[in-house]
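Chemist: Dropping the structure in here first, questions after.
The values are calculated or read from the model by the stated rules, or taken from the named source; none is laboratory data. Just so you know, these numbers come straight off a predicted model, no measurement behind them. All Cβ positions, even for glycine, are placed from backbone atoms using ideal geometry, and neighbour counts span all protein chains on display. Note: accessible area is taken over every heavy atom of the protein model, side chains too, but ligands, DNA and RNA are not part of it. Shrake-Rupley method; radii C 1.70, N 1.55, O 1.52, S 1.80 Å.
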Amino acid sequence: MNKELWTDLENWKKKYEFIDLSYEVSPQTPHWSGFPAMSSSIKFDYPDGFRVHEFTLVSQYGTHVDSPLHFVEGKRGLHQITPQEMILPLCVIDIRQKVKENVDYAVTKEDIQQWEKNYGNIPENAFVALCSDWCKRSDLDNCDAQGNKHYPGWSIEALKYLVEQRHILAIGHETSDTDAPVDSSKHGYICEYYILEQNCYQIELMQNLSKVPPVGSIIFCGFPKVKDAAGFTARCIAICPKK
């Protein structure tokens, strides 16, 4: 019997870092402001011989995956995302400085191209994530006095470049939306619709991306195989070269 993978795994654990990119799930977990916090109850407990919880939460709660079906009728649900698509090369675009200067910043095509000048072209079938340090904030919505949200996002030109020129499979970000609110308030959720319309998927409300190098890592995106689901809470892990 071939045990090569077992040996490889032991070597990975010695040579690489495993970075958790997801929030733990609880009533305090960051989530989109339009959704209620989760609730839970104990249905069976140790006097019964075992403990079982019942959880009530929206499918896009905390760190979560959006399938193409989330925005586009007739596109793929979670059960149609293949295992091969859940393990991908991870590219991290660092926009932290630009977000410090402008919280409404939307990453541009030029940002991506500059990143490629530094690190090489984004590989086909990659997962591309935006590192903004937004996960380190206590107020992820960052509303102004009028109640308008302010946080960074993607531009449509950047996403079109990634999809049409680099043929990526997925994107991720630390915010609760693909589009910066200042843009979606004017044009709607054009970035989120576009990326899902291309049959890509996305992970929202990620964390710890600042611990991941720009290139060389692999992301494992775990989520349930729910038939015709538009999304679900996700557990994502990056395996990274040690610094």
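Chemist: Which whole-number percent gives the relative contact order of the chain, counting Cα pairs below 8 Å spaced six or more residues apart?
Modeler: 32 percent
Chemist: I would also like to ask the following. Along each of its three principal axes, how wide is the spread of alpha-carbon positions in region 105-243, in whole angstrom units, largest first?
Modeler: Cα spread of region 105-243 along its principal axes, largest to smallest: 44, 37, 33 Å.
Chemist: Relative to the present Cα-Cα distance, how much length would full extension add between Glu54 and Ile42 at 0.36 nm per residue of separation?
Modeler: 3.7 nm
Chemist: Heavy atoms only, probe 1.4 Å: what % of the accessible area of the chain goes to carbon and sulfur, would you let me know?
Modeler: Here it works out to 52 percent.
Chemist: In the Gaussian network model of the chain, springs joining C-alpha atoms below 10 Å, which of Asn102, Asn11, Asn148 carries the largest mean-square fluctuation?
Modeler: Fluctuation is largest for Asn11.
Chemist: Residues with amide H under 5 Å of Ala229's amide H, sequence separation 5 or more or different chain, H placed in the peptide plane at 1.01 Å from N; which?
Modeler: Amide H neighbours of Ala229: Leu78, His79.
Chemist: Here's a follow-up. Strictly over 27 Å apart at the Cα level, which of Lys117/Lys160; Lys15/Lys98; Lys117/Lys225; Lys100/Lys225; Lys186/Lys227 would you flag in this model?
Modeler: Among Lys117/Lys160; Lys15/Lys98; Lys117/Lys225; Lys100/Lys225; Lys186/Lys227, the Cα-Cα distance tops 27 Å for Lys15/Lys98; Lys117/Lys225; Lys100/Lys225; Lys186/Lys227.
Chemist: Taking H placed 1.01 Å from N in the peptide plane, check which residues at least 5 places from His64 or on another chain put their amide H under 5 Å from its amide H.
Modeler: The answer is Glu204, Ala234.
Chemist: Restrict the search to region 52-103; then list the GluC sites (Glu not before Pro) that DSSP places in a loop and that have at most 11 other Cβ atoms within 10 Å of their Cβ.
Modeler: Sites meeting the loop and neighbour criteria: Glu73.
Chemist: Pick from Gln114, Gln60, Gln84: which is most flexible by mean-square fluctuation in a GNM of the chain where alpha carbon atoms under 10 Å apart are linked?
Modeler: Checking each option, the largest mean-square fluctuation is seen for Gln84.
Chemist: Among His70, His31, His53, which one shows the highest mean-square fluctuation when the chain is modelled as a Gaussian network with alpha-carbon springs under 10 Å?
Modeler: His53
Chemist: Which loop-located trypsin sites (Lys or Arg not before Pro) does region 117-209 contain, where loop means any DSSP state but H, G, I, E or B and the Cβ has at most 11 other Cβ atoms within 10 Å?
Modeler: Here no trypsin sites (Lys or Arg not before Pro) fit, given the DSSP loop and packing criteria.
Chemist: Another one. Can you run phi through the Karplus equation (6.51, -1.76, 1.60; θ = phi - 60°) for region 19-29 and list ³J(HN,Hα) in whole Hz, with x for Gly and Pro?
Modeler: Running phi through 6.51 cos²θ - 1.76 cosθ + 1.60 with θ = phi - 60° gives 10, 7, 9, 10, 6, 5, 9, 7, x, 8, 4 Hz.
Chemist: Given an 8 Å cut-off on Cα distances and at least 6 residues of separation, report the relative contact order of region 199-243 as a percent.
Modeler: Over region 199-243, the number comes to 41 percent.
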